[in-house]
Amino acid sequence: MAHAAPTAPGRHLRTTGMENVSKGPLVRALLLGLVYGVWAAFLKRQMGPVDVGNVFYGILCGLVFAGIMYTLARVGPRLMRELHGAAYGAFGGIAVGYLYSLADHSILRSCWVGFITGIGIGLAAFYRYYQREP
């Protein structure tokens with residue numbers, strides 16, 4: 001009976017108590033925050049020299065973006081699918097509208113681009129959560 005054979009010493013599965021903690025949303029939020037921060041710092045620079053202010057501005061924008069994205073990833077599944085989709089739509093629209101405003105466009109045009117982008121992201125998120133609900 002091979003299935004009843006003892007295992008070799010040291011081959012037992014050791015657990016750390018952290019099996020249920022998912023690091024996927026945190027890593028994803030940090031990577032997207034890094035990209036967003038670099039993009040915001042690049043737009044804020046406006047073809048001038050890179051200085052300490054631009055670097056800190058990019059770090060701040062990236063951390064705020066990553067923090068909100070991580071919070072949405074953790075709290076979002078507890079919301080109704082309509083609110084979950086609307087939250088991602090609002091977040092995406094505000095983020096894109098802000099980046100668009102950094103490129104020296106008018107505030108009205110930035111709001112319009114953010115609004116259209118937010119509606120698209122919100123509808124896509126709602127469709128995704130509607131299809132995957134048990």
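The values are calculated or read from the model by the stated rules, or taken from the named source; none is laboratory data. Everything quoted here is computed from the prediction, not taken from an experiment. Cβ: placed from backbone, ideal geometry, glycine included. Neighbour counts: every protein chain shown.
Scanning the range 45-67 turns up no residue that is over 13 Å from the mean Cα position of the chain (by Cα), closer than 16 Å to residue 91 by Cβ, surrounded by 15 or more Cβ atoms within 10 Å (Cβ to Cβ) and not assigned by TED's automatic domain parsing to the domain that holds residue 103. Within this structure, residue 28 fails the test of being within 21 Å of residue 125 (Cα to Cα), outside the structural domain of residue 95 (by TED's automatic domain parsing) and exposed (fewer than 14 other Cβ atoms within 10 Å of the Cβ).
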